[in-house]
Amino acid sequence: MLRAEDFALLFGLEAAARSVLLSAMPLTMYRLWGEETIVSAFYLGVELCSLPTGLLVPWLTRRVPRGRMMVVSGGLYLSG
């Protein structure tokens, strides 16, 4: 049985991962490539791919069983 504390922990972990992606990664990429337009174009491309994917989640959850959807989404989250 899930409790409110479990959801709070998941929310905190997700927020921590998102903060790393939005703060440390662009600086690392800029240091690696030395060009801010490349970093900006990369983030734009990723966002243009992730927006339609995020909007398709409700459609997918109607067609894929819940357990399988959780495993796939967790795997994609960890690989990202």
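The values are calculated or read from the model by the stated rules, or taken from the named source; none is laboratory data. All values reported here derive from a predicted model rather than from experimental measurement. Please note: Cβ atoms are built from the backbone with ideal geometry, for glycine as well, and neighbour counts cover all protein chains shown.
Look at (1) at pLDDT below 85; (2) surrounded by fewer than 10 Cβ atoms within 10 Å (Cβ to Cβ); (3) in a helix (DSSP H, G or I) and you find that Leu2 fails only one, number (3).
Would you point out which residue out of Leu78, Leu56 is surrounded by 10 or more Cβ atoms within 10 Å (Cβ to Cβ) and of a type in the set (A, V, I, L, M)? It would help to see each step written out before you state the result.
Numbers: Leu78 fails: surrounded by 10 or more Cβ atoms within 10 Å (Cβ to Cβ).
Just one listed residue meets the conditions, Leu56.
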